[in-house]
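> There's a structure below that I have some questions on.
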Amino acid sequence: MTEKPKTHPLNPLHSTVMDYSSLSVLGRVACESLIGSRVRSVVSPDGDDIIFSFDISPAKNSSSGFDSWIFSADPVLFRMHPWLGELPDKRVKSHFVDVASHHLGGAMVVSVELIPFERIIEIGFRRRDFAGDETVYSFIAELMGKYSNLILLDSERTIIASWKSVHSYQSRVREVRAGKEYMPVPQQDKIAPWEFSESEWKQFISSADFDATLEKHLMKTFRGMSPLWV
């Protein structure tokens, strides 16, 4: 398969549906598929996508899991999902892929975590060198539209490499580049949907401005919302 996965049969996901609800489902599938598995290879079919291929743990039924996953920092088609079929023959050179391959080759997946109400997923890895020393890494996929990024961290939460570098002159809030401490994405001043009781929900809906749609009212107030979910 040589085409960019925009037309891949398992890629119905794009910016209109890659919200917290869909990512939470994919994160659960990734957790069930990958915990205990080891990284076989890391490749990039184009300028915004990266594909991890894993050797599924013998303790798992390989027929029930997905051994290849694509992560994309494309500003429009930002996403993650299983990759079916063969790895693409067409690949591009990438510093991030080279660094990720060097540090994560043969590493075991020990955790898959979704940041609550954010389009951010973090995969934890553990790797032993020839001397038996253990090293811990984290791969973070921030799937946030034009701010999407892929980031590799060491055990001290220091950035080893990032798909896109963000310097201080580009953002006063958060630098994202090699050598910098990883700073979580700033949370917006919104609340969790389940914090409302039934009576509070009724009051909230009735308080919407006459000129504002309920959809905008919901998205402005609650975390993790998207147009499709609303």
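The values are calculated or read from the model by the stated rules, or taken from the named source; none is laboratory data. Model, not experiment: these values are computed from the prediction. Note: ideal-geometry Cβ built from the backbone for every residue, glycine included; neighbour counts use all protein chains shown. For accessibility, only protein heavy atoms count, side chains too; no ligands or nucleic acids. Shrake-Rupley method; radii C 1.70, N 1.55, O 1.52, S 1.80 Å.
> Checking Arg174 against (1) at pLDDT below 85; (2) open to solvent by less than 60 Å² (accessible area, probe 1.4 Å); (3) basic (Lys, Arg): exactly one of these is not met. Which one?
Failed condition: (1).
> Continuing with this model, one more query. So is Ile140 part of a strand (DSSP E or B), under 30 Å from Glu195 (Cβ atoms) and not hydroxyl-bearing (Ser, Thr, Tyr) or not? Show your work before the answer.
Working: part of a strand (DSSP E or B): yes; under 30 Å from Glu195 (Cβ atoms): yes; not hydroxyl-bearing (Ser, Thr, Tyr): yes.
Against the criterion (part of a strand (DSSP E or B), under 30 Å from Glu195 (Cβ atoms) and not hydroxyl-bearing (Ser, Thr, Tyr)), Ile140 qualifies.
> Output the residues belonging to the stretch 143-158 that are under 15 Å from Ser226 (Cβ atoms) and part of a loop (DSSP other than H, G, I, E, B).
Leu143, Met144, Ser148
> Still on this structure, please answer the following. In contact with a Ser or Thr (Cβ under 9 Å, 6 or more places away or on another chain), part of a loop (DSSP other than H, G, I, E, B) and either under 14 Å from Ile51 (Cα atoms) or touching a residue at least 60 places away in the same chain (Cβ under 8 Å) (or both) - does that describe any residue in the stretch 166-182? Don't jump to the end; show me each part of the working.
Within the stretch 166-182, the first condition is being in contact with a Ser or Thr (Cβ under 9 Å, 6 or more places away or on another chain), and the residues that meet it are 175-182.
Next, from what is left, pick out any that are part of a loop (DSSP other than H, G, I, E, B): 175, 177-180, 182.
Pick out the ones that are also either under 14 Å from Ile51 (Cα atoms) or touching a residue at least 60 places away in the same chain (Cβ under 8 Å) (or both) and you get none.
The answer is no; no qualifying residue exists.
> Right, next: Scan the stretch 166-220 for residues that are under 27 Å from Glu113 (Cβ atoms) and touching a His at 6+ places or on another chain (Cβ under 8 Å) and report the count.
Of the residues in the stretch 166-220, 2 are under 27 Å from Glu113 (Cβ atoms) and touching a His at 6+ places or on another chain (Cβ under 8 Å).
> Continuing with this model, one more query. In the stretch 46-65, what count of residues is obtained for those that are under 22 Å from Leu23 (Cβ atoms) and either modelled with pLDDT of 90 or more or of a type in the set (S, T, N, Q) (or both)?
Residues flagged as under 22 Å from Leu23 (Cβ atoms) and either modelled with pLDDT of 90 or more or of a type in the set (S, T, N, Q) (or both) within the stretch 46-65 amount to 7.
> In addition: Can you say whether Leu114 is touching a residue at least 12 places away in the same chain (Cβ under 8 Å), surrounded by fewer than 19 Cβ atoms within 10 Å (Cβ to Cβ) and in contact with a Ser or Thr (Cβ under 9 Å, 6 or more places away or on another chain), as far as the supplied structure shows? Steps first, answer last, please.
Numbers: touching a residue at least 12 places away in the same chain (Cβ under 8 Å): yes; surrounded by fewer than 19 Cβ atoms within 10 Å (Cβ to Cβ): no; in contact with a Ser or Thr (Cβ under 9 Å, 6 or more places away or on another chain): yes.
Answer is no for this residue.
> Something else now. Looking at (1) in contact with a strand residue (DSSP E or B) (Cβ under 6 Å, 6 or more places away or on another chain); (2) open to solvent by 40 Å² or more (accessible area, probe 1.4 Å), which is the one condition that is false for Asn149?
(2)
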